[in-house]
1. In degrees, nearest 10, range 0 to 90: what is the angle between the Cα axis of helix B:305-315 and the longest Cα principal axis of chain B?
2. May I ask you to derive the relative contact order of chain B, considering only C-alpha pairs under 8 Å and at least 6 residues apart, and to give it as an integer percent?
3. Whole angstrom only: what separates the Cα centroid of the range B:370-428 from the Cα centroid of the range B:321-360?
4. Per DSSP helix of 4 or more residues, -39500 (n - 2.57); summed, then divided by the residues of the protein assembly as shown. What does that give at 222 nm, rounded to the nearest 500?
5. At a Förster radius of 41 Å, what calculated FRET efficiency corresponds to the Cβ-Cβ distance of residue B:6 and residue A:37, to the nearest 0.05?
6. From the Cα gyration tensor of the range B:115-270, with a ≥ b ≥ c the square roots of its eigenvalues, which class applies: rounded if a/c is under 1.5, or else prolate if a/b is larger than b/c, or else oblate?
7. Find the centroid of the Cα atoms in the range B:68-130 and in the range B:200-226, then give the distance between the two in whole Å.
8. On average, how much area does the Cα convex hull of the protein assembly as shown cover when viewed from any direction, in nm²?
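Since every read-out is calculated from the coordinates, none of them should be taken as a lab result. Computed from a predicted model, the values in this text were never measured in an experiment. Virtual Cβ from ideal backbone geometry, glycine too; neighbours counted across all protein chains shown.
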């Protein structure tokens, strides 16, 4: 399975589970290179996002960063998170608005979007994404 | 080298495309020509109800100056490959950074992000396309210059050149951005560099202060078009007023739009209220408050009026919420404030002042926008339905109450038919109103995708039948929107395109213009 096929599989994988994201977070750069350092960002106000991040953190061995909606909704806040991530992979679990802002600011800095998925957990819409910074 | 691009420009073979990429890399450097799928993915992200593949790019090239763009044009002409220029690429809801047609190479101008000049006496700026509003704001703050600019809602990440070129609007007295631009530099398809207005004259120092020059004024041709690549733009900045008094007036009923517009129009035309007044519906305010739709309605279809009423009551939001400001001295604002109070009292509106707004996210971001302070508060809209779908439907109306009510009711009926909510606002120019509706839907739901497309299509054609045209449109509907303006205008546009870009290399299809 090529890389894009794999990502499509992840994206279509049903409920937002920890395992596919963990696999994604560890995915190598296409064609080689080592495993990237991962930063895991979850929206602090969303218990569903925090629960997913918590599951992921165990598998990835990284502590999730709980970022508030004010931080995720501001240019300065997202920029600071991206600075902290350095060059690596950021996996985010947050609401639609925060995810869009995060991705757009990251894109303006040259980051590549590896994937994003839209899911509903109960009545909450969540976006899970991975970007290479 | 072998091209990894799967979306080649029309009529170009993989081998030819590889040559194009090689030649572009020789101009801008390897790292500034992208063909790898992952690296292109950020350009590819769209919110429109069409398949991603329809707007897939073949590559991106990121020049750092005019001379490089001229050389890029040569390559594009040689191989007849189309370039799709973007400045910061944040035209979210109108197509974002993705090209209008599949296979185009995105000409990304973000590296051209120099603030070339700010004249604090004449209150002007000259900027490149990659400059963001946030960057300009930071510059003015750092240099302690008491100057404001007008910016659109996604201002912290968008930029003045791209917004002006798409004829966007903002919320200060300088809110009609094209009107307050002054002088452009444009690279034409043949590589010539045109400076409009007084900029055409060597050694002129009036490029940013006098717009017209001599002979035909050409600036408008380079907005909402594909006749050249705008590489510099002059813009007017507003002196920070000694006293700024933003306010909101809330109205309880949807039908109040009629009296609101009738009461405000004279004040706007006479410039008692000098800024672009916004009249926002409950459902525009709710997501930015923030209110969760699911807390009020989880059924299929559009949210019922009763639920909207409940949101109004629970969160102290008007059916319509008028945002405006007074800009002047304390004395002039005191005098004008009495007029505002009288108008609100006579029309049944409730005034919310800046002091009373503390803690309200929806009001704070609006008040910041009215003084040109960039923020991202309006992105809250995307949480209303969730799922990453948004297209702006933006017809123009006269600033007359009956017209606005008619448009609102037409839109609400059509949106409801397809199961979507009316999330709209009116932005008052002087005599017109930009009626902006965010058609929000779940892009991961195939049925909603189809319905959103059909809904926009019906909105467009129903409004056109009534003589209502769009002021701006997303790239998926560019052709259809252009068609509503009739054949003669389109024929002239095509003839201009043939004269200026005979090989059709600059964004063919943008705003419906192509050979």
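1. 80 degrees
2. Working: 1107 pairs, mean separation 83.7, N = 515.
In percent, rounded to a whole number, it is 16.
3. 24 Å
4. Numbers: 20 runs with 228 residues, N = 648.
That comes out to -11000 deg cm²/dmol.
5. On the way: r = 30 Å, r/R0 = 0.72.
After rounding to 0.05, the efficiency reads 0.85.
6. Numbers: a/c = 2.01, a/b = 1.58, b/c = 1.27.
The shape class here is prolate.
7. Using only Cα atoms, the two centres lie 19 Å from each other.
8. Details: hull surface 110.7 nm².
The directionally averaged projection comes out at 27.7 nm².
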